[in-house]
Amino acid sequence: MKISKSKLFYSFIFVNIVFIFLQIYKQSIFIKYTYQNQKLILRKEQLIQNKNELTQQLLILKNPTSIKNYAIKKLKMEKIKLNQIKKLT
Amino acid sequence: MNRAYKLRTFLIFSFFIFLYFTIFFNLYLIQIINSTYFSDLAKKQYNISVTINPPRATIFDSKNNPVALNKESLSAFILPNKLQESEKVKKFLKKYFPQAHDRLNNYKNKFFMHIKRRLTEEQINLIKESNLEDIKILKEPSRFYPNESVAIVTGVTNIDNKGMFGIEYEFNDQLSGSPTSMVLEKDARSGHFYFKKEITKTGIDSKSINLTIDSELQFLAQEELQETMAEFEAKEGAVVILNPDNGHILTMTSLPGFDPNNYENLNLENTKNKAISNTYEFGSVMKVFVAIAALQEGVVKIDELIDCENTKETQIDGFSFSTTIAQGIVPFAEVVEKSNNIGMAKVSKKLGTKIYDHYLNFGFGKKTNIPLNGENKGYVNPPDKWSRRSFISLSFGYEITANLLQLATAFSIIANDGYQVRPKLIISENDQKENPKQIYSPEVIQQIKQILQNTVNQGTAKRAAVKGYKVMGKTGTGNLAIDGSYSKTKNIYSFLGIIEKDDYKRIIAIYIKETPRGGKDLFGSAVAAPLFEKIAEKLLIHDKIIK
């Protein structure tokens with residue numbers, strides 16, 4: 001079977017155009033996912049910051065000095081002595 | 001086709017040819033001749049260089065509780081050369097930020113000026129309420145220290161979030177990491193986002209640190225120390241708790257301390273970790289080490305009778321000195337238990353210059369090499385500088401200065417049956433690989449342990465006893481050297497002790513310095529020994545070592 005030169009030429013042009021579009025498509029997909037990735041990174045950073053703030057708040061609440069003051073002043077608790085503790089085996 | 005038509009066609013054709021030529025010539029100029037210039041210009045518009053610092057790493061205690069972590073602080077700034085409401089801003093600054101107002105005169109034509117960094121809640125509210133658009137707020141990283149008692153070890157960071165002292169300073173590079181530089185390809189509309197990222201310099205991630213310190217225990221010990229200091233109105237005090245098995249420093253605290261979260265009001269004197277930076281002549285606690293040296297060298301036996309002359313004051317080689325309790329001829333063990341200076345001086349005379357070598361052997365006069373700046377290695381008077389009195393002074397803890405950690409480390413040799421361990425402040429993977437070195441015979445150590453136990457049960461340290469637990473310890477009362485002479489009213493009270501229960505053992509070292517009640521009738525047995533008992537109780541409850 002003989003293929004004419006013009007057909008070959010047009011096929012070549014067509015294939016090239018298809019490749020160009022595929023390349024554009026690939027690039028747009030790449031940019032889309034890069035954006036998504038960057039959005040997720042930003043979200044992650046935001047969540048880490050929120051976590052740090054919450055950890056900080058938790059640690060402020062766990063501050064031993066304020067717990068001690070609360071226990072002694074508000075709850076009227078007293079210091080425990082070693083001889084008041086019994087080991088149950 | 002007439003000539004005019006041909007001419008018009010030619011002219012139009014030529015005109016278009018000229019236009020195309022102009023276009024191609026311009027393209028040639030832009031693409032080839034000036035390509036570098038335009039590509040650089042494009043790069044400047046599309047590419048942005050960014051440097052990102054990794055977040056400063058957290059410092060944890062031995063139980064993975066954070067003791068230094070990141071927080072964002074707010075800073076206020078203005079752009080002096082672009083102020084819209086200059087007079088209002090000046091008025092506001094004059095009223096609420098006078099220092100910034102004064103600085104503004106020198107910054108009039110500058111682009112940027114900080115009003116204040118690390119704003120307080122109150123200052124943030126003031127700025128918000130002022131509604132001045134010229135005053136802008138900037139977020140900056142800083143540190144938060146949840147347990148103030150540990151700050152003496154962790155240290156703090158400065159306004160630029162760099163370590164100022166403590167672990168924050170020593171491990172600044174590890175905690176801060178190093179920045180990563182990158183070039184981001186962006187356009188005018190891409191905002192936060194970029195098309196392409198090219199890393200030009202790879203940074204190093206920050207790495208967290210685990211201390212051997214137990215922050216809860218540190219708090220408990222500091223609390224007890226504070227109460228005792230308040231009771232005696234003492235000027236200074238410190239506590240070290242050591243695990244002799246692995247050398248881990250579980251607690252290292254000193255008072256007066258500081259609030260690490262109040263950066264602006266730091267009193268630099270109070271930021272000193274007195275357990276390592278302050279050295280003193282601790283007095284009688286040092287007799288333990290002299291006794292070990294004497295027994296090891298064989299210059300005395302534990303049951304050998306020593307003539308303590310049944311007096312509180314005596315003279316040796318023409319030098320007079322005193323002791324607290326008069327004893328007659330008693331076994332050497334009793335000399336140590338009752339802390340008799342006369343008996344110890346006589347034994348020390350037999351040791352001669354070897355006492356110096358043994359003090360060095362215990363680690364005195366040398367840094368413990370824990371990773372904290374400001375450690376004072378202390379001083380042991382060397383034999384070539386001795387006076388004829390030196391062997392007497394060295395026998396009961398004078399002419400030798402030490403820090404509290406050195407004392408605790410030396411005591412770990414007793415707890416470890418003669419094996420020496422290195423004190424550690426950072427938990428590392430190489431911990432297991434160290435082979436402790438035996439420097440004293442187990443027989444000698446056993447004898448000393450018995451003496452120290454008797455000291456607590458029936459000697460000078462009765463108030464350190466904890467019922468149901470084996471406590472071995474020694475008290476000390478040292479006269480402070482002030483202006484070249486020893487003060488009789490300014491003292492340092494110390495206690496070095498080991499608490500044991502089966503395989504569990506801990507060393508607690510304490511000192512309390514200077515109380516207005518100081519003088520002849522106040523000793524380490526009344527100040528430091530009861531504090532040992534209180535801290536030991538807290539320690540046992542905390543570690544759940546219940547009988």
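In a residue-by-residue description of the range B:143-153, the property of being more than 14 Å from chain A (Cβ to nearest Cβ), modelled with pLDDT of 90 or more and buried (at least 17 other Cβ atoms within 10 Å of the Cβ) applies to at least one position.
In the range B:110-131, of all residues being basic (Lys, Arg) and within 36 Å of the chain's Cα centre (by Cα), the one that is nearest to residue B:83 (Cα to Cα) corresponds to B:116. The single condition among (1) in contact (Cβ under 8 Å) with a residue 40 or more places away in the chain; (2) part of a helix (DSSP H, G or I); (3) aliphatic (A, V, I, L, M) that residue B:370 does not satisfy is (2). Quick check, is residue A:52 touching a strand residue (DSSP E or B) at 6+ places or on another chain (Cβ under 7 Å) and not hydroxyl-bearing (Ser, Thr, Tyr)? Criteria met by residue A:52. A count restricted to the range B:505-547 and to residues that are at positive phi and out of contact with any strand residue (DSSP E or B) (no Cβ under 9 Å at 6 or more places or on another chain) stands at 1.
Could you please let me know if residue A:29 is among the aliphatic types (A, V, I, L, M), surrounded by 12 or more Cβ atoms within 10 Å (Cβ to Cβ) and more than 10 Å from every other protein chain (Cβ to nearest Cβ)? No.
Just wondering, is there one or more residues in the range B:233-255 that are closer than 25 Å to residue B:169 by Cα, part of a loop (DSSP other than H, G, I, E, B), under 16 Å from the mean Cα position of the chain (by Cα) and within 14 Å of chain A (Cβ to nearest Cβ)? Among the residues of the range B:233-255, not one is closer than 25 Å to residue B:169 by Cα, part of a loop (DSSP other than H, G, I, E, B), under 16 Å from the mean Cα position of the chain (by Cα) and within 14 Å of chain A (Cβ to nearest Cβ), which makes the answer no. In the condition set (1) more than 14 Å from chain A (Cβ to nearest Cβ); (2) in contact with a Leu (Cβ under 7 Å, 6 or more places away or on another chain), residue B:58 is compliant with all but (1).
The values are calculated or read from the model by the stated rules, or taken from the named source; none is laboratory data. Quick caveat, the model's predicted, so the values are computed rather than measured. Heads up, the Cβs are rebuilt from the backbone with ideal geometry, glycines too, and the neighbour counts pull from every protein chain shown.
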